[in-house]
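Only one structure is covered here, and it is reproduced in the block below.
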Amino acid sequence: MQQWHELETLKGYSLMAADGEIGTITDVWFDDDRWTVRYLVVRTGGWLLGRKVLLAPSVVRGVNVAREQIAVELTREQVENSPPMDSEQPVSRHHESQLHKHYGWTPYWVGGNFGALGTMGADVAPPPEPQAPVMDPPEPHLRSSDEVRGYAMHARDGNIGEVVDFVIHEEDWTIRYLVADTRKWLPGRTVLLAPSWVQAIRWSDREIAIDMDRETLRTAPEYQGPQAIDKLYEVHLYQHYGVALRHAHEEPA
């Protein structure tokens, strides 16, 4: 079973609840601090007037690549009664709190794992009710994959291309790699770069700086798609870049 997925490929997949189809994925929101997928943005079908809803990846029970479907452990009624998403505004912490309370997810910002299932019991207190004067809490570190796709990527000695996709692992929905399209500089090549190799992100300039030189990237193993990622490929990739496997989520699968 394929466990590596490109976010761009997942867009358009159907979300299947226990009692029928919910809708299709249109975007993915990830944490720009931990590079973890926090929400799937789902446009519901005609049964819910085409409304957009957010679902944490913890509800996913399987990805069927052949059928382009994702099974989720929810019912259509749960989704229908969920807090509506304001598609014209960024996702606020207030909306996240409402969402987590509705589904009974443990909030990730108080120790949960990407919207872990489970009620907010005695061990995890719900977010405190706002007191007057009402002030919004700090905004979460959420970024749309649509927004970041197309960011320019720069090595230490010049431009190398742009971000065209992200590769996640189904086990924890962490973004393991950025897919860099270098065809304007290296015709016909795409390469993978781990988020931990990013030196800086200039959001306002839509640029990502990589702490490597262009020659290292030029000779990097070419990316052939998520189906080609295995232990041998990852070991080769890390050895080429000369980067130690410092984090558990970066270890070869």
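Here, each number is a calculation from the coordinates, and none is a lab measurement. Remember, it's a predicted structure, so these values are computed and weren't measured experimentally. In this analysis, Cβ positions are derived from the backbone assuming ideal geometry, glycine residues included, and neighbour counts consider all displayed protein chains.
Each Lys and Arg contributes +1 and each Asp and Glu -1, all at the Cβ; summed about the Cα centre of region 149-250, the dipole is approximately 300 debye. Relative to the current alpha-carbon distance between residue 149 and residue 77, full extension at 0.36 nm per residue lengthens the span by 22.6 nm. Among the GluC sites (Glu not before Pro) found in region 142-176, those both in a DSSP coil and sparsely packed, with 11 or fewer other Cβ atoms within 10 Å of their Cβ, are 171. Just so you know, the Rg over Rh for region 7-83 is 0.95, from Cα atoms, with Rh as the Kirkwood radius.
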